[in-house]
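Worksheet: one structure, shown below.
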Amino acid sequence: MNGHTTPSTSSAIPEEVEILPQGTVLIAGGGPVGLTLATVLAFYGVRSVVLERNATTTRWPKMDLTNVRSMELFRKLGLADELRKQGVPTHLPYRVLMSTGLGAPKPVTVWEHLGVDRYRAKIAENNDGTMPLEPWQRLSQAVFEKWLKGICDRNPLIDLRFGCKLEEVSEVQDGVRVTVTDLHSDTRHQILSKYLIGCDGGSSRVRRSLEIPLDGGPMPVYVLLVHFKSRDLTRLHKHGRFWHIFVLGPEGLASTCIAQNEKDVFTTHLLLPIGEDSDKITSEDAVYRALGGIHGPYPIKIDEVLVRSTYRPNIAIARRYSGASGHVYLAGDAAHQNIPTGGYGMNMGIADAFELGWKLAATVNGYSEPSILQTYEQERRPTALVSIERSGVHMRVHMEANKLLGGRIGELDANTEAGDKLRRSLHDYYEANDGENTDHGIEMGYRYKSNIIVPDGTKEPLWQPGDYVATTFPGSRAPHVFLRDGRSIIDSFGPYYTLIEFQDGSERGSTLLLDAAWKHRVPVKYLPLAEETHAHAIYECHLVLVRPDGHVAWRADTVNEQTEAMRVLGLISGRTVPESESQESKEVHLTMDPSKVGDGAFAFTSTLTTESQTAKFELDKMGEFQT
């Protein structure tokens, strides 16, 4: 065990109390977000203890794509190449089929997304700053978690405690006290820590213990999920290889199928009305119905049913991301939940973990003041709201496709002039609404506004969900661009802050900034770049200060005074807190009612009802998959 133990005198039955060493972070939840957070903290030399109620990692597939921004973050941690080895081979394309079912002669239309190898070629050919540094990677969350747990098991700075269930949380003076049950020995003890991070999922015990409201609600359907093995590829690949199949029915989206490993592991999701009893549907029948669509059951040979459960698609966001004392924080599904379309769930959590990780490390290591942690909610909660709403936009694309058909879905596969016209109409519709996995404005174009971002007085570039704009506008992700020697500028960034200077022979004030960093005890890598005119044009200014997460904290062409340099470094490190209006988060109302859609880009969201839950998390038709 870390730290030391003392008997508790606060209970009628004394409980052992473990006091974690100063600088050790306590993490509740050993899923993808908790494991990523522990990995980020270790990267910056900070110890952590991870509590996970389950004996091992998840059996559920859940997320099946690590997006481009997450892959960039894993690249910084030195893990991107190893992650790819766990996933779908890089030469395979990412085909998404829209179909009425495998009983049809062919799919209605196809999204032909690039596989990793072709994506890399596209990145190499387009050095204009708009590309990610890393392509995406298909990988089941069940495989991802097992892989990342193995990395954490081998890291001496990470203490994984699976089979330990967090029961209660209370904020105490200068820290937090948690009660934990060791499920192996059926004993309880307490842990005292300076910081606790709740990465414990949608039903987060940490969030509920602090009575932080969760605003949102479920969709008016639920899903029967079957995760299975099958080598019946002739039947499954009737319409060709696929990543996803979206099966359309009379009411819109009826089911989906996901090829998890392009070999023998698949997952079907059968959408059911709330009133239908899933217990009366066998796993085999659920798969056949999901694959067959309007053409009736489509039998295949199932070698093994791996897991089965129900879940209720739900969107919600925590009213606050932290406790009142600044010692407890929420990340991942504990803080926000969204429906699967867009693949934002786990990827949002990975970005949460990276940001909270570097800020905690900066605080623990003495490079920043604890006030920097307040900016975690300022930056990540607005980003989560946009992503949640966009996932609703993607779902609406599928749910409203049937409106184009005017109730004639049965004619969609017909070899007739009317069938051809319907297919062209639906093809054009999906081509115009293909952002589900390609909205780079959502995935890497979000811009932070917080106390540690220094505005430069320029006009913010237009932001659109489908496009990433190559800019160093403060708060933006610093663009990837290949330098003259073939390196990406991102690979030249340091582990902490990076000061880029595009040199032109003039004195720009970089020495003043580096001196200010020394005085504020902020670790900064100085990156002088000469004769990099192409990169300079994309980066827009001669001096650009980039944070550990790759977002721009400040930019300018010159700094002339030491006082200005001290001001900038004080702000970006959290040493100085600016006077600003209160940024307290308010209750939000999430609705699926089309009559409430406004003119804003993200007025549409994905729930039918709005609820606030504080001390509980309960949904009808919520199975083991979701708890």
Problem - Positive-pole candidate from Asn261, Ile572, Val116, dipole of the chain, charges at beta carbon - result: Asn261
Handout entry: Summed side-chain charge close to Thr533 - residues other than Thr533 whose Cβ falls under 10 Å, Lys, Arg +1, Asp, Glu -1
Key = -2
Exercise for the section: Give the relative contact order (percent, whole number) for the stretch 452-572; include only Cα pairs under 8 Å separated by 6+ residues. Expected result: 34 percent
Exercise for the section: Could you tell me which of rounded, prolate or oblate describes the stretch 248-308, using a ≥ b ≥ c as the square roots of the eigenvalues of the alpha-carbon gyration tensor, with rounded for a/c under 1.5 and, failing that, prolate when a/b is larger than b/c and oblate otherwise? Expected result: prolate
Exercise for the section: Using label points projected 7 Å from each Cα along Cα→Cβ, tell me how many nm separate Lys229 and Thr282, to one decimal. Expected result: 2.0 nm
Fill in the blank from the handout: Per its Cα gyration tensor (rounded if a/c is under 1.5, else prolate when a/b beats b/c, else oblate), the stretch 161-210 is best filed as oblate
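Once fully extended, how much extra length lies between Glu564 and Glu579, figured as 0.36 nm per residue of separation less the alpha-carbon to alpha-carbon distance?
3.7 nm
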Practice task
Just subtract the alpha-carbon distance of Asn126 and Thr458 from 0.36 nm times their residue separation and send over the number in nm, one decimal.
Solution key: 116.8 nm
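Can you give the alpha-carbon Rg of the stretch 312-352 over 2.2 N^0.38 Å, where N counts its residues?
Its radius of gyration relative to the 2.2 N^0.38 Å reference: 1.24.
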Handout entry: Relative pair counts by distance (%), Cα atoms of the stretch 25-89, 10 Å bins
Key = 18, 46, 34, 2
Practice task
Please compute the net charge surrounding His440, taking Lys and Arg as +1 and Asp and Glu as -1 over other residues with Cβ under 14 Å from its Cβ.
Solution key: -3
Exercise for the section: Can you pull a Stokes-Einstein diffusion coefficient for the stretch 523-566 at 10 °C (1.306 mPa s), Rh from Kirkwood over Cα pairs, as a whole number of µm²/s? Expected result: 135 µm²/s
Handout entry: Semi-axes of the equivalent ellipsoid for the stretch 328-387, Cα gyration tensor, largest first, Å
Key = 24, 10, 8
Handout entry: Dipole of the stretch 452-572 [Lys/Arg +1, Asp/Glu -1 at C-beta], most positive-end residue of Leu527, Ile452, Leu543
Key = Ile452
Practice task
Quickly work out the Glu507-to-Lys519 label distance, labels modelled 7 Å from Cα along the C-beta direction, and quote it in nm with one decimal.
Solution key: 1.7 nm
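How large is the charge dipole for the chain, taken about the Cα centre, if only the Cβ atoms of Lys, Arg (+1) and Asp, Glu (-1) carry charge, to the nearest 20 debye? Please list the in-between numbers first.
Details: 67 positive and 80 negative charges, 205 e Å.
For the chain, the charge dipole is close to 980 debye.
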Exercise for the section: Alpha carbons only, please: Rg and Dmax for the stretch 68-112, in angstrom. Expected result: 16.0, 46
Practice task
Sum -39500 (n - 2.57) across every DSSP H segment of at least 4 residues in the chain, then divide by the residue count to get the 222 nm mean residue ellipticity, nearest 500.
Solution key: -8000 deg cm²/dmol
Handout entry: Per-q log10 I(q)/I(0), the chain, q = 0.06, 0.08, 0.10 Å⁻¹ (Debye; single scatterer per alpha-carbon; no solvent)
Key = -0.33, -0.59, -0.93
Exercise for the section: Please give the peptides 273-283, 23-33 ranked by average Cβ packing (other Cβ atoms within 10 Å per residue), highest first, as a rough proxy for protection. Expected result: 23-33, 273-283
Fill in the blank from the handout: Taking 0.36 nm per residue of separation between Tyr526 and Val172 and subtracting their Cα-Cα distance, the length gained on full extension comes to 123.4 nm
Problem - the stretch 358-491, dipole about Cα centre (Lys/Arg Cβ +1, Asp/Glu Cβ -1), debye to the nearest 20 - result: 340 debye
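Cα convex hull of the stretch 223-276: how many Å³ per residue?
With only Cα atoms used, the stretch 223-276 gives 85 Å³ per residue.
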Exercise for the section: Could I have the simple spin-label model distance between Asp264 and Asp153, label points 7 Å from Cα toward Cβ, reported in nm to one decimal? Expected result: 2.3 nm
Exercise for the section: May I ask which residue of Val481, Gln464, Tyr497 lies farthest towards the positive end of the charge dipole of the stretch 452-572, with charges of +1 (Lys, Arg) and -1 (Asp, Glu) on Cβ and the Cα centre as origin? Expected result: Tyr497
Exercise for the section: Would you mind giving the average projected area, over all directions, of the Cα convex hull of the stretch 452-572 in nm² with one decimal? Expected result: 7.4 nm²
Problem - Kirkwood-based Rg to Rh ratio, the stretch 156-261, C-alpha trace - result: 1.17
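Is the stretch 65-158 best put as rounded, prolate or oblate by its Cα gyration tensor, with a ≥ b ≥ c the root eigenvalues, rounded for a/c under 1.5, and otherwise prolate when a/b is larger than b/c, oblate when not?
It is oblate, given that a/c is not under 1.5 and a/b is not larger than b/c.
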Fill in the blank from the handout: A correct fewest-to-most ranking of Glu15, Glu52, Glu417 by other Cβ atoms within 10 Å would be Glu417, Glu15, Glu52
Practice task
Evaluate the charge dipole of the stretch 452-572 about its Cα centre and quote only its size in Debye, nearest 20, assuming +1 on the Cβ of each Lys and Arg and -1 on the Cβ of each Asp and Glu.
Solution key: 400 debye
Fill in the blank from the handout: Note on the stretch 68-129: contact order normalised by length, alpha-carbon pairs under 8 Å, 6 or more apart, percent, works out to 25 percent
Exercise for the section: Quick one: compute the contact order of the chain, relative version, from alpha carbon pairs under 8 angstrom and 6+ residues apart, as a percent. Expected result: 17 percent
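Give me the Kirkwood hydrodynamic radius of the stretch 262-358, using the inverse of the mean 1/r over all pairs of distinct Cα atoms, in Å to one decimal. Walk me through the intermediate numbers first.
Numbers: mean 1/r = 0.0598 Å⁻¹.
Across the stretch 262-358, the inverse of the average 1/r is 16.7 Å.
Laboratory data are not the source of any read-out in this text; all were calculated from the coordinates shown. This one's a predicted model, so the numbers in the text were calculated from it and none came from an experiment. Please note: Cβ atoms are built from the backbone with ideal geometry, for glycine as well, and neighbour counts cover all protein chains shown.
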